[in-house]
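Down below is the structure, laid out as structure tokens.
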Amino acid sequence: MSTSRNPSAGTVSRPGPLPIPVGSQPGRRRRPETARAVLRAALDLLDDPGIGYRGLTMQAVAARSGVSKATLYRWWPDKAHLVVDAYRSKSARDIAAVASSGDLRTDLAAYLGRLAFALVRRDSGTAISEMMLAAAGDPSFGKLFRETLLDDRRKALVDILLAARDRGELRADAELEVAADAAMGAIHHRLLLTKRPIDGSFAGTLADLLAGGLGAS
């Protein structure tokens, strides 16, 4: 495989400004810098092991960001929507779309390496675990989580597979949706259950397995 198996080596950009996710409430992002202050505050609290998703409150976000609770509730109807937007923003910054290299293994390893880096080195793993457990137990939050944050990450992976299919790298009968589920499932299995390393070596091996299993014969 041609890419490094260290997810921090050339696969993840340095932190930059947080993008502001587009939501369903028209005009709710009238002051971008204020919105970013709220998102940063929410992420700081989410990534704090002593607070996390369970302990985060709108009052705490307001206090940390210096933005009033009235403004928070005008832009986000509740904690769930704010939390999802905060992590969609972090994901868009840290797990950017992979520029196609023309090789499926390379592109998979790059994307999965970025995802591994974000979970482990950017302190996202604990909060994501808590949100996944909450999504499993709360149908309303589960729907929101699946249709936003999870869909964002999954779509980026499917796009890599679609591009490879267009190049003729995949079997005609390859089940791309199942392949995406397998990749995300392997990561979430380690994150939630086995606690085994989610690192560059794992990302590279997973890329090899996917590319080999889907490849044109």
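For the reader, a short list of remarks on this structure follows.
- Largest-first principal axis extents, alpha carbons of the chain, Å: 59, 36, 34
- Per-residue ellipticity at 222 nm, computed for the chain from helices alone with -39500 (n - 2.57) per DSSP H run of at least four residues, works out to -19000 deg cm²/dmol.
- Extended-chain gain in nm, criterion 0.36 nm per residue less alpha-carbon gap, L133 and E175: 12.4 nm
- Residue-span extension gain [Q59 to R196] - 0.36 nm each, minus C-alpha spacing: 45.8 nm
- Sorting Y87, Y53 by the number of Cβ atoms found within 10 Å of their own Cβ, with the fewest placed first, yields Y53, Y87.
The numbers here are math on the coordinates, done by the rules we state, and not lab data. Here the structure is a predicted model, which is why all the values come from computation and not from measurement. A quick note on method: Cβ atoms are made from the backbone with ideal geometry, for glycine too, and the neighbour counts reach across all protein chains shown.
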